[in-house]
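**Q** The structure follows.
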Amino acid sequence: LQSDAQNAFDGAADADALEAARVTFLGAKNGQFKDVQKMLGGIEPADKRAAGMRLNDVKQAIHTAFETAQSQLGGGGSSQIEPGFDPSLPGRRPRLGHIHPITQTIDHLTEIMGRMGFEVAEGPEVEDPFHNFVALNIPEDHPARDPLDNFYLATAGTAVDIGEGDALLRSQTSTVQIRVMQERQNSAPGQPIRIISLGRVYRPDAPDATHFPMFHQMEGLFVDEHVTMANLKTVLRVFANNYLGDDVEIRFRPSFFPFTEPSVEVDFLWNGTWIEFGGAGMVDPNVFEAVGYDPEKVSGFAFGLGVERLCMRRHGITDIRDLYSGDLRFLQQF
Ligand code: FA5
């Protein structure tokens, strides 16, 4: 029996044949070993002990022969060997996700501004006209309210009114300035405000290398007594040097925003080119009045920078669309 089993195991060409041979010899019901074992009952009591020991040796030997044949075929339990499975191949690494470059940028900007004492504030992405326009000194007939320049919400062609007029996706993070000033009037009246807010904004801009219909802004707001344009420029210069490097220069170009007076565009000089990153200015007295602050007593500056443009400049990304392509070959580089 032992040598028959040995021959059968050695001759098994694959896992299935080996398993069939195992059942023939060691099968719990009709295996040939079982048949021999049954014969033990008919043996003289005097010989039983020796016969039992011999039987055990044979069983052990058949088992060993099976295991040897199994490992030569290369695999664990024969019934678990998948056809075509090669256990000598290297394993597959599980894919680990990682943080999107824009989220990494947001974390980095938050950290730099945090060191200058700016805390993070948040606001909703679905806004009402009061926070997106009215309180920001953008009157009813202003072109910035044009439906062609904004994503107004509608269901079945009807505008969605969320209590204070037609709801829209916020077109700038300046809405958070208004929310924070309103809230601080109640929670910490008279206290200085020093916040940043980083989040998504939406505009129906045609996508190109530097524009996307959804992008992120970092809004900053500083309100206190005697805040000046010089404070604004210092904060933005220190920020630029920390984020982009000591060789970065910054310049203000006169501009116009309804919610700041005076207003500027902010450009950074880096590697010999001036690039616009955002807008800024001194908070307009009309904005202070809209949220109940006395513009005679406090002053403040605000700025709004494009997060994608900052991220692109730092990492040498030439097309904003790459950030939202979902292409892992691109994303895995960060
Ligand atoms: C504003 O949005 C003002 N709220 C900024 C501001 C805040 C001014 C506080 C004064 C006080 P602007 O529309 O220029 O400004 O946008 C700011 C920056 O957002 C731009 O400089 C640019 O970096 C980025 N940006 C604008 N549109 C897009 C777009 N479609 N895709 C990617 N980035 C954009």
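The values are calculated or read from the model by the stated rules, or taken from the named source; none is laboratory data. As the structure is a computational prediction, the values presented were derived from the model and not from experiment. Cβ sites come from the backbone with ideal geometry, for glycine too, and all protein chains shown count toward neighbours. The accessibility values were calculated without ligands, DNA or RNA, using every heavy atom of the protein model including side chains. Shrake-Rupley method; radii C 1.70, N 1.55, O 1.52, S 1.80 Å.
**Q** Under 9 Å between Cβ atoms, which residue pairs at least 6 apart in sequence (or on different chains) link something in segment 146-169 that is among the aromatic types (Phe, Trp, Tyr) with a partner that is outside any strand (DSSP E or B) and surrounded by 14 or more Cβ atoms within 10 Å (Cβ to Cβ)?
**A** The qualifying pairs are PHE151/SER171; PHE151/ARG203; PHE151/PRO213; TYR152/ALA167.
**Q** Would you be able to tell me the number of residues in segment 250-290 that are under 20 Å from PHE215 (Cβ atoms) and of a type in the set (S, T, N, Q)?
**A** Within segment 250-290, residues that are under 20 Å from PHE215 (Cβ atoms) and of a type in the set (S, T, N, Q) number 1.
**Q** Looking at this structure, is LEU96 of a type in the set (A, V, I, L, M), farther than 30 Å from ILE195 by Cβ and open to solvent by 40 Å² or more (accessible area, probe 1.4 Å)?
**A** So LEU96 fits the description; yes.
**Q** Can you tell which of LEU310, LEU236, LEU244 is open to solvent by less than 10 Å² (accessible area, probe 1.4 Å) and either more than 16 Å from the ligand (Cβ to nearest atom) or within 26 Å of the chain's Cα centre (by Cα) (or both)? Steps first, please.
**A** Details: LEU236 fails: either more than 16 Å from the ligand (Cβ to nearest atom) or within 26 Å of the chain's Cα centre (by Cα) (or both); LEU244 fails: open to solvent by less than 10 Å² (accessible area, probe 1.4 Å).
LEU310 is the lone residue from the list that is open to solvent by less than 10 Å² (accessible area, probe 1.4 Å) and either more than 16 Å from the ligand (Cβ to nearest atom) or within 26 Å of the chain's Cα centre (by Cα) (or both).
**Q** Sticking with this one: Given the residues ALA144, ALA154, which is the only one that is within 12 Å of the ligand (Cβ to nearest atom), modelled with pLDDT under 95 and of a type outside the set (Ser, Thr, Tyr)?
**A** Values: ALA154 fails: within 12 Å of the ligand (Cβ to nearest atom).
When all the criteria are applied, what remains is ALA144.
**Q** Another question about this same structure. Name every residue in segment 277-288 that is more than 16 Å from ARG314 (Cβ to Cβ) and part of a strand (DSSP E or B), in order of residue number.
**A** GLY279, ALA280, GLY281, MET282, VAL283
**Q** Exactly one of these conditions fails for GLN333: (1) in contact with a Lys or Arg (Cβ under 9 Å, 6 or more places away or on another chain); (2) open to solvent by 40 Å² or more (accessible area, probe 1.4 Å). Give me its number.
**A** For GLN333, the exception is condition (1).
**Q** Going by what's in this entry, would HIS211 be described as within 13 Å of the ligand (Cβ to nearest atom) and not in a strand (DSSP E or B)?
**A** Answer is yes for this residue.
**Q** Right, here's the next one. When only residues in segment 253-285 that are open to solvent by 60 Å² or more (accessible area, probe 1.4 Å) and at pLDDT below 95 count, which is farthest from the ligand (Cβ to nearest atom)?
**A** GLY272
**Q** Please verify whether PHE301 is touching a helix residue (DSSP H, G or I) at 6+ places or on another chain (Cβ under 7 Å) and within 9 Å of the ligand (Cβ to nearest atom), treating the condition exactly as stated. Write out each step before concluding.
**A** Values: touching a helix residue (DSSP H, G or I) at 6+ places or on another chain (Cβ under 7 Å): yes; within 9 Å of the ligand (Cβ to nearest atom): yes.
Yes, satisfied.
**Q** Another question, then. Can you tell me how many residues in segment 289-307 are open to solvent by 50 Å² or more (accessible area, probe 1.4 Å) and either touching a residue at least 12 places away in the same chain (Cβ under 8 Å) or not in a loop (DSSP other than H, G, I, E, B) (or both)?
**A** As a first pass, look at segment 289-307 and keep what is open to solvent by 50 Å² or more (accessible area, probe 1.4 Å): 289, 292, 294, 296-297.
Right, trim to either touching a residue at least 12 places away in the same chain (Cβ under 8 Å) or not in a loop (DSSP other than H, G, I, E, B) (or both) and you get 289, 292, 297.
Total meeting the criteria: 3.
**Q** Enumerate the pairs (first residue in segment 93-119 and modelled with pLDDT of 95 or more; second residue anywhere and assigned to a helix (DSSP H, G or I) and of a type in the set (Lys, Arg)) with beta-carbon separation below 9 Å, excluding pairs fewer than 6 apart on the same chain, so at least 6 apart or on different chains.
**A** Going by the 9 Å Cβ cut-off, the qualifying pairs are THR105/ARG314; HIS108/ARG314.
**Q** Scan segment 122-157 for residues that are touching a Pro at 6+ places or on another chain (Cβ under 7 Å) and among the acidic types (Asp, Glu) and jot them down.
**A** ASP149, the sole residue that qualifies.
**Q** List pairs: first in segment 189-215 and open to solvent by 60 Å² or more (accessible area, probe 1.4 Å), second more than 12 Å from the ligand (Cβ to nearest atom) and assigned to a strand (DSSP E or B), Cβ under 7 Å, 6+ apart or cross-chain?
**A** PRO192/VAL223; PRO192/ASP224; ARG194/GLU119
**Q** May I ask you to verify whether LEU221 is of a type outside the set (Asp, Glu), more than 19 Å from THR105 (Cβ to Cβ), more than 10 Å from the ligand (Cβ to nearest atom) and open to solvent by less than 20 Å² (accessible area, probe 1.4 Å)? Give the derivation first.
**A** On the way: of a type outside the set (Asp, Glu): yes; more than 19 Å from THR105 (Cβ to Cβ): yes; more than 10 Å from the ligand (Cβ to nearest atom): no; open to solvent by less than 20 Å² (accessible area, probe 1.4 Å): yes.
When the stated conditions are applied, LEU221 does not pass them.
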